[in-house]
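Q: This is the structure, below, for whatever I ask next.
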Amino acid sequence: MSAPAPVFHWFLPTGGDGRDPGGVTAVQARTGAATRRPADVGYLAQVARAAEQAGFASLLAPVGLGCVDPWILAAALTQHTDRIGFLVAFRAGFASPTLLAQQADAFRRFAGGRLRLNVVTGGDPAEQRAYGDHLAHDERYARTDEVMAVLRDLLDGKRVDHEGAHLRLDGAHLVDPAVEHPVPLYFGGASPAAEQVAARRADVQLLWGEPPAAIGERIARLRGIAADRGRTLRYGLRLHVISRDTAEQAWAEADRILAGIDPEAVRASQARFAAMDSTGQARMAALHDHGTARDLLVAPNLWAGIGLVREGAGTALVGSHDEVAARLADYRALGVDEFILSGYPHLEEAYRVGEEVVPRVHALLSAGGAG
């Protein structure tokens, strides 16, 4: 029996958007001055409807200092869409898991179950302190483990008594929970501490776009860790996409983006990334070099230019629609079950990727090939 078709999601640019090269900036710096299209409901509703029409399964609403609140935004966008789901990110430990479960339960009830949750531990100590969080790296993941355990039980309709190093709850429960709408938990993290949490608690482990060999190694290791606990994970890959009718057109767009990135912004961003204690961010930063767009090619069609200034996912697949589809099929063959994609600007690129790339991936996989 062939493997199930991969699931494709799109990204909500909640820090602003645009086609200008200067719009590719650090998320925390994405203000109206840096982006031509502010992150208001009117524009983001257009992105959401485009992604829905293009066939994406859900929209990732990110969380962080440079993003509008994902819960409020996603709730607003349910009123402008009909079918598409919402992958709502939240920072574990910043709110009671009982309150989080109530929010999630209300959302899935009122939105007909269109909810997935992205559990974010946080890898930038400076940003964590801005939220009032002063825990060290591994302590944050220990707290995330407790939050995910309690949240899972509450969303499944259980009554929870919990006493751990970071949480204490007595008689926590949801009143008449909407258990007919299961809520999968997505989780990212590349450190040993994070991988243990994923193996215990996650439904979908999220990875950033590293070269295929690195992704294959990570999936193999995570499968082993999860199997030791009697669990099976799904795997999701977060990538940007620069896809055009021809490879030359795609690389011209990558060159245009690179030319518009301020060298001072690169220096400031790289200094900030170096101060983070995120293993995943360190792996992204290790892919960077300077020069022309082609100098930042780290694997076939995998370009690290976005990560010069943008934290988190910093790589893009660049090439013709056929080339990009082939690379996504390659990742599927390695065990990637879901893809969270994005492109600048997110409105037009939702149509382009959804109409030109995704069908090619499905056709390749149906034909039994990746190349």
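The values are calculated or read from the model by the stated rules, or taken from the named source; none is laboratory data. Model, not experiment: these values are computed from the prediction. Here Cβ is always computed from backbone atoms with ideal geometry, including for glycine, and neighbour counts include all displayed protein chains. Only protein heavy atoms, including side chains, enter the accessible area calculation; ligands, DNA and RNA are left aside. Shrake-Rupley method; radii C 1.70, N 1.55, O 1.52, S 1.80 Å.
Q: Name the pairs: first residue in the range 346-371 and modelled with pLDDT of 95 or more, second residue among the basic types (Lys, Arg) and part of a helix (DSSP H, G or I), Cβ to Cβ under 8 Å, at least 6 apart or on different chains?
A: Between residues of the range 346-371 that are modelled with pLDDT of 95 or more and residues that are among the basic types (Lys, Arg) and part of a helix (DSSP H, G or I), the close pairs are Val361/Arg332; Leu365/Arg332.
Q: While we're here: Restricting attention to the range 132-158, report how many residues are touching a helix residue (DSSP H, G or I) at 6+ places or on another chain (Cβ under 8 Å) and in a loop (DSSP other than H, G, I, E, B).
A: 3
Q: Could you check the range 56-111 and list, in sequence order, the residues that are open to solvent by 60 Å² or more (accessible area, probe 1.4 Å) and of a type outside the set (Val, Ile, Thr)?
A: Pass one, the range 56-111, residues open to solvent by 60 Å² or more (accessible area, probe 1.4 Å): 65, 69, 72, 79-80, 82-83, 94, 99, 102-103, 109-110.
Passing the criteria: Leu65, Asp69, Gln79, His80, Asp82, Arg83, Phe94, Leu99, Gln102, Gln103, Arg109, Phe110.
Q: In the range 159-198, how many are outside any loop (DSSP other than H, G, I, E, B) and within 25 Å of the chain's Cα centre (by Cα)? Lay out the reasoning, then the answer.
A: Step one: list which residues in the range 159-198 are outside any loop (DSSP other than H, G, I, E, B), which gives 160-163, 168-172, 185-188, 192-198.
In the following step, the residues that additionally are within 25 Å of the chain's Cα centre (by Cα) were identified as 185-188, 192-198.
Selection size over the range 159-198: 11.
Q: For the range 306-331, name all the residues that are under 17 Å from the mean Cα position of the chain (by Cα) and charged (D, E, K, R).
A: Arg310, Glu311
Q: Which ones in the range 322-336 are over 16 Å from Gly236 (Cα atoms), open to solvent by 10 Å² or more (accessible area, probe 1.4 Å) and not acidic (Asp, Glu)?
A: If the condition is that a residue be over 16 Å from Gly236 (Cα atoms), open to solvent by 10 Å² or more (accessible area, probe 1.4 Å) and not acidic (Asp, Glu), then Ala326 is the only one that fits.
Q: Can I ask one more? Any residue in the range 116-139 that is surrounded by 14 or more Cβ atoms within 10 Å (Cβ to Cβ), of a type outside the set (D, E, K, R), within 17 Å of Pro70 (Cα to Cα) and without any contact (Cβ under 8 Å) to a residue 12 or more places away in the chain?
A: no
Q: Filter the range 224-253 for residues that are out of contact with any strand residue (DSSP E or B) (no Cβ under 9 Å at 6 or more places or on another chain) and of a type in the set (Lys, Arg); which is nearest to Leu185 (Cα to Cα)?
A: Quick first cut of the range 224-253, residues out of contact with any strand residue (DSSP E or B) (no Cβ under 9 Å at 6 or more places or on another chain) only: 224-225, 227-232.
Remaining after also requiring of a type in the set (Lys, Arg): 229, 231.
Values: Arg229: 17, Arg231: 14 Å.
Across the range 224-253, the extreme among qualifying residues is Arg231.
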